[in-house]
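Here's the structure we're looking at; comments come further down.
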Amino acid sequence: MRFNKKNQSNEVLEGDLTPMIDMVFQLIAFFMLLINFSEVDRAEDLMLPVSTLAIAPETRPDYQIILNLRPDGTVTFAGQEVEKIDFMNVIFRQEIDFARREGVTNPSDIAVVIRSHRDTATGLVQKLISKCQESELENFSLRVKDTPY
């Protein structure tokens, strides 16, 4: 096979980087959409109680409210701190209205997940559950830290 040397020039050929840059921006946008924003609901400073009998839920509920309860009675919901459990009724009403817009018609279908610090008094957890029940929220689960057998 012979190559024709007459047509060769001394030009430097450069690749067009525009499609690659476009693809990088599309990948960044794609992964930004996949970020799990539910981590906002988890307060990392909470030390959950330990249980060997805890069973993880089999299915994730369609709609859930995650409440973080500290030993001083402060409740954190969606990054917002509420200093007294008595003020939670307003937040529950707002969340029930939002759930209705999402297609959840019955408040008892909303799962309330309570993540309580291990040093929190049981009475505070019961008070938080009773405030939920006043707002017709009846589906509860308490989160604990699993320990292997």
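Each reported figure results from applying straightforward, stated rules to the coordinates on display, with no laboratory input. Please read all numbers here as calculations on a predicted model, not as lab measurements. All Cβ positions, glycine included, derive from the backbone under ideal geometry; neighbour counts span all protein chains shown.
Some observations on this one:
- Compared with the direct C-alpha span, the chain from M20 to R60 gains 10.6 nm at full extension, assuming 0.36 nm per residue.
- Highest average first, the peptides 88-94, 111-117, 78-84 ordered by how many other beta carbon atoms sit within 10 Å of their residues are 111-117, 88-94, 78-84.
- In Hz, Karplus ³J(HN,Hα) per residue of region 58-64 (6.51, -1.76, 1.60; θ = phi - 60°; x = Gly, Pro): 6, 10, 7, x, 5, 9, 9
- Length available on full extension from T105 to D72: 0.36 nm per residue minus the Cα-Cα distance, which gives 8.5 nm.
- Ranked list, fewest to most other Cβ atoms within 10 Å of each Cβ, for R60, R100, R143: R60, R100, R143
- Distance between modelled label sites at Q133 and D86, nm, 7 Å Cα→Cβ extension: 2.0 nm
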